[in-house]
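The values are calculated or read from the model by the stated rules, or taken from the named source; none is laboratory data. Worth saying up front: this structure is predicted, and the values here are computed from it rather than measured. Cβ placement follows ideal geometry from the backbone for every residue including glycine, while neighbour counts extend to all protein chains displayed. Heavy atoms of the whole protein, side chains included, go into the accessibility calculation; ligands, DNA and RNA do not. Shrake-Rupley method; radii C 1.70, N 1.55, O 1.52, S 1.80 Å.
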Amino acid sequence: MANTILVGAQWGDEGKGKIIDFLTREADLVVRTQGGNNAGHTIVHGAEKYVLSLIPSGVLHPRKMCLLGNGVVIDPISLVGEMDGLAARGISVSPENLLVSDRAHVVLPYHRVIDAALEKQKKGRIGTTKRGIGPAYGDKIARTGLRMIDLAKAATVAERVRAAVIGANRLLKQLDAAPLKPAEVVEAYCAAADRLRPHITDTVAYLHEAMRRNRRILFEGAQGTYLDIDHGTYPYVTSSSTTAGGACTGSGVPPNRIDVIYGVMKAYTTRVGGGPFPTEDNALSDSLHGMGREFGAVTGRARRCGWFDAVSTSGAVRINGIDRIAITNLDGLDLQPVVRICTHYDLDGERLDHVPADADDLARCRPVFVEMPGWKKSTEDVRRFADLPRNAQRYLKKLAAVCGAPIQLISVGPGRHQTFTA
């Protein structure tokens, strides 16, 4: 396996976790490069289900090194809780299998308060998870944030955390939010710092040494292309770079050391939170929710569902330089008598083959569909492309054609054994 970036090619929740888990078998290191504990990957191993928020999915495999890169924002309390949760289920997390970038920024309690307050004030709700991710990235850009290196320094961590909370309380007052008690935050964060200190290191140097030794690296994306701060449906986006370029800036690995880029797409489309969604279909949403599908791994929120949007996914192929596609949740369409693919948008009579920059324009876009017959047959037990129902094969071939990249992997269920090569 070459150095591989895996990104979501829709609005997140594409089933990246199961594809990462599948690819991890051939990797030596798994690196998370952006986002925070607002994201989640669900992994099913036999009868066991794991929901990971910060720790890379490689932790579920023995003898794999996991890294949280400099582009991630880390809530230390959440990370320690996730480590303890895994330990309670027999999965050890130590510096032998998890390293944390000393350059990664820290999410503090006031970031969550600010997040909730600002979301409440907005006229058009973005649908933030209120985990403080946006405000933490805001402090990073404003050059006022704390980094994991600050937690690593035992002699000064209490002073730095206390000063940050006192400064933030002035802003909380302006937002009519209750101030935080500095002593309580300092106590909690000093305890978390003590737990995490052995994990904190220069992960950029570690990765470059790993590449010198020809170790195989898998870069684990969170969220999806259209939640990217630059290329997404702004302002209904996350606060990090979710595209393939973000994997490089978020890890310190240069683009010329990347060999393969995978784009993960559902066989249909979903999104959570606010924002325009051209192919949204209430009947399809009801059908998928009725099957117990499409509820958020971290929040439990019901996802909005719609038909496959080839306008957005073909754009994601171009933006990310996607070489190979992984299609997930094909089995979610098993009951549909007809399946639909949006090939272009109609915006006030104009044909669009790309996603417009303005969210209001996107909200006015009407999807233009092609319809194909469904297969009305379970695909959950299929393990080869040739054994898929004929109409399912035709559907997948059409998706590859309209997206502009070959389909390499297909998933027909949550289990590790339910993913196979095309």
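Quick one: which of 91, 114, 77 is in a loop (DSSP other than H, G, I, E, B) and more than 16 Å from the chain's Cα centre (by Cα)?
Working: 114 fails: in a loop (DSSP other than H, G, I, E, B); 77 fails: in a loop (DSSP other than H, G, I, E, B).
Of the residues listed, the single one that is in a loop (DSSP other than H, G, I, E, B) and more than 16 Å from the chain's Cα centre (by Cα) is 91.
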- Can you tell me which residue among 261, 229 is among the aliphatic types (A, V, I, L, M), closer than 28 Å to residue 410 by Cα and either open to solvent by 10 Å² or more (accessible area, probe 1.4 Å) or outside any loop (DSSP other than H, G, I, E, B) (or both)? 261
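What strands (runs of 3 or more DSSP E) lie completely within segment 1-64 and have 1 or more residues being open to solvent by 10 Å² or more (accessible area, probe 1.4 Å)? Spell out the reasoning first.
Numbers: elements: 4-8, 29-32, 41-45, 48-52.
By residue number, 41-45, 48-52.
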- Total residues in segment 195-226, condition open to solvent by 40 Å² or more (accessible area, probe 1.4 Å), among the charged types (D, E, K, R) and within 12 Å of residue 67 (Cα to Cα): 1
- In segment 256-300, residue nearest to residue 50 (Cα to Cα) [restricted to those that are modelled with pLDDT under 95 and of a type in the set (Val, Ile, Thr)]: 298
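Could you please give the count of residues in segment 400-422 that are part of a helix (DSSP H, G or I), closer than 24 Å to residue 345 by Cα and under 22 Å from the mean Cα position of the chain (by Cα)? First the steps, then the outcome.
Taking segment 400-422 first, the residues part of a helix (DSSP H, G or I) are 400-403, 416-418.
Narrowing the set further to residues that are closer than 24 Å to residue 345 by Cα leaves 400-403.
Remaining after also requiring under 22 Å from the mean Cα position of the chain (by Cα): 403.
Qualifying residue count, segment 400-422: 1.
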- Message: Please go through segment 366-417 and give me each residue that is in contact with a helix residue (DSSP H, G or I) (Cβ under 8 Å, 6 or more places away or on another chain), among the polar types (S, T, N, Q) and open to solvent by less than 60 Å² (accessible area, probe 1.4 Å), ordered by number.
- Response: 379, 393, 411
- Query: How many residues are crowded, with 23+ Cβ neighbours inside 10 Å and closer than 19 Å to residue 222 by Cβ if we restrict to segment 264-305?
  - Reply: 7
- Query: So, of the residues in segment 242-251 that are crowded, with 22+ Cβ neighbours inside 10 Å and among the polar types (S, T, N, Q), which turns out to be nearest to residue 12 (Cα to Cα)?
  - Reply: 242
- What are the residue pairs meeting all of these: first residue in segment 177-197, first residue free of Cβ contacts under 8 Å to residues at least 24 places away in the same chain, second residue assigned to a loop (DSSP other than H, G, I, E, B) and among the hydrophobic types (A, V, I, L, M, F, W, C), Cβ atoms under 7 Å, and 6 or more apart or on different chains? none
- Which one is nearest to residue 421 (Cα to Cα) among residues in segment 347-365 that are in a helix (DSSP H, G or I) and open to solvent by 20 Å² or more (accessible area, probe 1.4 Å)? 363
